[in-house]
Each structure stands twice: as structure tokens, then as C-alpha cells.
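The values are calculated or read from the model by the stated rules, or taken from the named source; none is laboratory data. The model shown is predicted, which means the values in this text are computed figures rather than measured ones. Glycine gets a Cβ as well: all are built from the backbone with ideal geometry, and neighbour counts include every protein chain shown. Areas reflect the complete protein model, heavy atoms only, side chains present, ligands, DNA and RNA absent. Shrake-Rupley method; radii C 1.70, N 1.55, O 1.52, S 1.80 Å.
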Amino acid sequence: MNVLERLDGRLPLSEDEKMILDSVQALARKEIASRAAEVDESGEFPWDNVHAINQLGLNAMFIPEEYGGAPLSFTCYLACVREISKACASTGIIWATNFHAIKPLIEFGNHEQKSRFLPKIAEGALAALAITEPSAGSDATGMKTSFRPDGDDIVINGSKIFITNGDVADQYLLFGKWSEINDPKAAISVLILEKGTPGLSVIGTENKMGTRGSSTASLAFDNCRVPRANLLQNPGDGLKILFGSLNRSRPSVAAHALGIARAAFEDAVAYINERKQSGKKIIEFQGIQFLLADLAAELVMCESWLWRVAAMVDSGEKDFGTEASILKMRASDAAMRIATEAVQLLGGYGYCKDYRVERLMRDAKITQIWEGTNQVHRQLIGRSFLLK
């Protein structure tokens, strides 16, 4: 066993979780990976993969039992994200977004809201987290989507961009500003919006460099009307809910990045063990071994920190924002470096679509950008050492 295999073998999973992970690995290897190139080439949403994931009932792992779920550990969830993303980065995003969008409802919703919305997700419905706007990226306080109270309803006007699952979601966790609160931070609020609500429209989807099967949509809200009962907590509680959401979604993005990194690393290792130059395997050259050592060390350190942060979440710790930022930043940087070096190690073949490292390099880039750009995370990490 190599060092990465030994690290995988020490994951603190229950017997049931090990069986689930085995099933996910088999699905990823036999079905999802075989479709990945076609999904990338066509840019079409991979419904076959989503249906296969739903047949395993994977959404149930992050839904409370009371609402139709079969909850498992955060560690198990991250391991599944990594395995699915290793096979197909687009599919990994699609499934992980369900968790990103629904976890705030689980954490902050009331019983009536959970009873209405969570059973559908447990059964396989898709969800979307709608935050970003043309004028509000890393600075969420710049959002302009408005929530105006009108009797027992809330009227929504505005727009969102770069929304993963935005054109296919059954439920949206939507952030906007309460019209009766003037402070840009205090006004941020959040509600659940359902597919088919009058006034909700999909403006279009992006034609992206990578993760092309994961749809990224622009949405518009024209006097959308939802019940006041769809509001999570109180007007103005949105920023608190947003931070709670990001602290858990950032480790998920790291697991996604590390799935890409692991795929690229394994492809490169397999290639340089077979390919020969000057009568020697490429891996026998000292310079290549030095590079491989650096990549392996980075991957081991990032994956070890992934499981460390997962353990913090599973133990009930609340203050892990800086740890999550370090994880997301380093894992995504590692994914981009490892995928880029994998292309280099395969030489001309690495630049051709016949080998998946070309796709993995394109898929890796977005992990450095979303869920807070790595520049923002460096600022958050550095700022945490400021003496007050």
C-alpha cells in the first residue's frame, strides 16, 4: 500500500458507512467515470448519474431521520464527495450542492419548514444555493435582490448569477435583503423558493471552461410571491445563516478539489510507470521522483487536514471557520498544481482529450474561485491573527 492508500484505510467510518462508501466507489468507477468524457464534451446535465446516485439514496445521509433521512457522519459525506468528484467533477458538484443548499435549512429551519421541504430532498430532489449577483460576489452585502413583506406573503424581485443547479433545482435557498431594513448587513435574509413559482425564470446557463456538465444558471425574480412561512428564522438573520452555510460547504469544496487532485495524481503515476524515455521508465528519473514526492506530500497533507476538519464538525465544534478556509485554499491550490503537473508529465498526450488529465486541469480551476476566492481565504486566515 502507498501512503495515500494507508491514509484512506484509516478513515474513522462505521461499518455501515464503509459499506456506503464501497457502494459509492463502485458506482463511481463503473458508471459515473465512464460517462465523464461525454458529459464534458456535450455540456449536458448528467441526469443518468443523478438517477444512479438517487438509487443509492445518498441524499438521505445528510437529512435527519425525522424527515425521511438516514444521517451519517460528515466524514462519510466528504469521502463520498471526493469519490464522485474523482470520477466526474461535474457530478460531484451537483450532488454536493444539495448539501450546501439544504444544511442551512436543517440548522436554522423550524419543524414545519423541515417537514415540508426535507423529505423531498431525501427522496432525491435537487437543491440550489442562490447567493451571488452581478454586484455581489465575495462581498455578499452588495446583493440587491429584495424581499418585501406583503401581508402573509413575501414578494421577491432581483436576480442571481453563477447558481449551481439553478436551472434544474426543485428548491432554492435564496438570499436577499429585507426591504424594511436599511443597513446592508442587517437586511440580509433567507427563504426557501420552490421550482415553478410564478415570476421565477431561468435567464440562461454559462458555457464554462470546466465542470461543463454541472449547470451554472442566471435567475430572475419578477414579483415572485412566497408565503411568509418560507422565511428562515427572522428578517435580518441571513448573514448568520450564510456564514454557517459557508463554513460547512468549504470543506465540501475541498473534498471536491481533492477528488480531482487524486484522479490527476493517479493518472500521472500510472503513465510514468509505463512510459519509457532513453530506455528507462519516466518514474526512474530522479527529477521526476522529486516532483512526485512534492505532489504526494501536498496531497497527503491536504487530505489529512480534510479529515481533521471533518472530525471537528462531527464532534460538534462550532468555531472552525479559519480551519475551513485553510482547507479550501490549500486543497484547491493543490488540485490545480497536481492537475497541471499531470498534464506536463503526460507531455503531448496530456494536452489531448483522449486522456482525462486535460479535463481535470480545466475542472480544477474553478475550485480556486468559488466558495470564496483563494485571495479572500488568505485574507480571512491572515486577519484571524490580528490582535484586538
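In table form, for the structure just shown:
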| quantity | calculated |
| --- | --- |
| Yes/no for Y77 being at pLDDT 95 or above and open to solvent by less than 10 Å² (accessible area, probe 1.4 Å) | yes |
| Helices (runs of 4 or more DSSP H) enclosed by the stretch 313-388 - at least 3 residues per element that are open to solvent by 50 Å² or more (accessible area, probe 1.4 Å) | 321-345, 374-383 |
| One residue from V343, V309 being modelled with pLDDT of 95 or more and within 30 Å of F243 (Cβ to Cβ) | V309 |
| First in the stretch 347-364 and hydrophobic (A, V, I, L, M, F, W, C), second anywhere and open to solvent by less than 60 Å² (accessible area, probe 1.4 Å) and not in a helix (DSSP H, G or I), Cβ under 7 Å, 6 or more apart | V357/L346 |
| Residues that are assigned to a loop (DSSP other than H, G, I, E, B) and either charged (D, E, K, R) or open to solvent by less than 10 Å² (accessible area, probe 1.4 Å) (or both), drawn from the stretch 154-209 | N165, G166, D167, A169, D170, E180, D183, K185, A187, K195, E206, K208 |
| Residue among L118, L129 that is touching a residue at least 40 places away in the same chain (Cβ under 8 Å) and farther than 29 Å from E38 by Cα | L118 |
| Inter-residue pairs, beta-carbon under 6 Å, first on the phi > 0 side of the Ramachandran plot and in the stretch 230-246, second assigned to a loop (DSSP other than H, G, I, E, B), 6+ apart | G236/I181; G236/A186 |
| Close pairs (7 angstrom Cβ cut-off, 6 or more residues apart or separate chains): polar (S, T, N, Q) in the stretch 31-57, in a helix (DSSP H, G or I) anywhere | N49/I32; N49/R35; N49/T91 |
| Test set (1) within 17 Å of I366 (Cα to Cα); (2) surrounded by fewer than 23 Cβ atoms within 10 Å (Cβ to Cβ); (3) more than 15 Å from the chain's Cα centre (by Cα) - G279 fails condition number | (1) |
| D40, sole failed condition from (1) farther than 22 Å from R212 by Cβ; (2) in contact with a Ser or Thr (Cβ under 8 Å, 6 or more places away or on another chain) | (1) |
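A quick yes/no check of all residues on (1) outside any helix (DSSP H, G or I); (2) open to solvent by 20 Å² or more (accessible area, probe 1.4 Å); (3) out of contact with any Asp or Glu (no Cβ under 9 Å at 6 or more places or on another chain):
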{"position": "V226", "(1), (2), (3)": "yes, no, no"}
{"position": "P235", "(1), (2), (3)": "yes, yes, no"}
{"position": "S245", "(1), (2), (3)": "no, no, no"}
{"position": "P251", "(1), (2), (3)": "no, no, no"}
{"position": "D267", "(1), (2), (3)": "no, yes, yes"}
{"position": "A270", "(1), (2), (3)": "no, yes, yes"}
{"position": "N273", "(1), (2), (3)": "no, yes, yes"}
{"position": "G287", "(1), (2), (3)": "no, yes, yes"}
{"position": "L291", "(1), (2), (3)": "no, yes, no"}
